[in-house]
Amino acid sequence: MYPTTLTQLARSNPFQNPLFPMKPDQQQESRQIKRKLAAAAHDDVSCEYGSNKYYALCGFGGVLSCGLTHTAVVPLDLIKCRIQVDPVKYKSIFNGFSVTLREDGLRGLGKGWAPTFIGYSMQGLCKFGFYEVFKVLYNDMLGEENAYLWRTSVYLAASASAEFFADIALAPMEACKVRIQTQPGYANTLRECAPKMHAEEGLKAFYKGVYPLWLRQIPYTMMKFACFERTVETLYKYIVPKPRSECSKPEQLVVTFVAGYIGVWKGLFARIIMIGTLTALQWFIYDSVKVYFRLPRPPPPEMPESLKRKMGLPDC
């Protein structure tokens, strides 16, 4: 029996049966290109799916998605970093806020906002923009039938590839942000910090943290994108009473926000509130940019008719 509530859906495994156990024959019938199908799914579009304009606007959506959300939580990130480097002085989140306000005033809570905004904007540009590029690339490499059978693996590979470059773009600003937030007296602004770091250690100072970033961000991004894609697919298949092409734009954005939350449902309560809200807002902003610029909205993946015939399933 299919789940009938979002709570039941959230508790289910979005990776359940991601691949079919049987393999189709190697000989493929003439296949249609996915990007043309995606573009045809919505008549009122401003560009072709998979075009340079499409990728550029997806990258712009990533800039707003990551840049705005991470800048909004700079005060919380500041306290978190200070607790990690000086737990004796900053004993808890509330104590950290109290100490920071007493010593630096209200403006002190915004330390590091500039490198945060620039760094995570660059990360969002690469994360979301390159994800779309790699997803199309890997789908085309696999072919229509295998791309459907291995779609979860495509989401994982595309997001990992995108995050690899995204962290390279983020690393310099992340290094500056950490120095500003955790080393009192070192620098108060990005304009002070970056030249000082370069003078002391050269370019290597900006990329010391790229390996930890890869170890932290790549697995998280793989789960984030794959869970989101499979959750959207499941929502439209079992929960939403009509196809996405028949849903209004506000209805589609609601599904996007809910899918973003469900993708990080499991975990501690505080993590659900902070990371879940942050992730859901990122997907909401990203999808809002797609809606605003009238980008093609590919429908949820469906089994190709050729594969249905090979598996002996009835055509729809």
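List of remarks:
- Among the listed pairs Lys135/Lys310; Lys53/Lys135; Lys111/Lys204, those beyond 21 Å (Cα-Cα): Lys135/Lys310; Lys111/Lys204
- Within the accessible area of segment 42-128 (1.4 Å probe), percent carbon and sulfur: 66 percent
- In this label model, Asp140 and Val73 are separated by 3.5 nm, measuring between points 7 Å along each Cα→Cβ vector.
- Using only alpha carbons, segment 45-111 has a radius of gyration to Kirkwood radius ratio (Rg to Rh) of 1.32.
- Shape category assigned to segment 142-190 from the gyration tensor of Cα positions, a/c cut at 1.5: prolate
- Ordered from longest to shortest, the equivalent ellipsoid semi-axes for segment 177-316 are 42, 18, 16 Å, each the square root of 5 times a Cα gyration tensor eigenvalue.
- Local charge for Ser46 was computed over the other residues whose Cβ lies under 9 Å away, with Lys and Arg +1 and Asp and Glu -1, and equals +1.
The values are calculated or read from the model by the stated rules, or taken from the named source; none is laboratory data. Just so we're clear, the structure is a prediction, and the values are computed from it rather than from any experiment. Please note: Cβ atoms are built from the backbone with ideal geometry, for glycine as well, and neighbour counts cover all protein chains shown. Heads up: the accessible areas ignore ligands, DNA and RNA and are worked out on the full protein's heavy atoms, side chains in. Shrake-Rupley method; radii C 1.70, N 1.55, O 1.52, S 1.80 Å.
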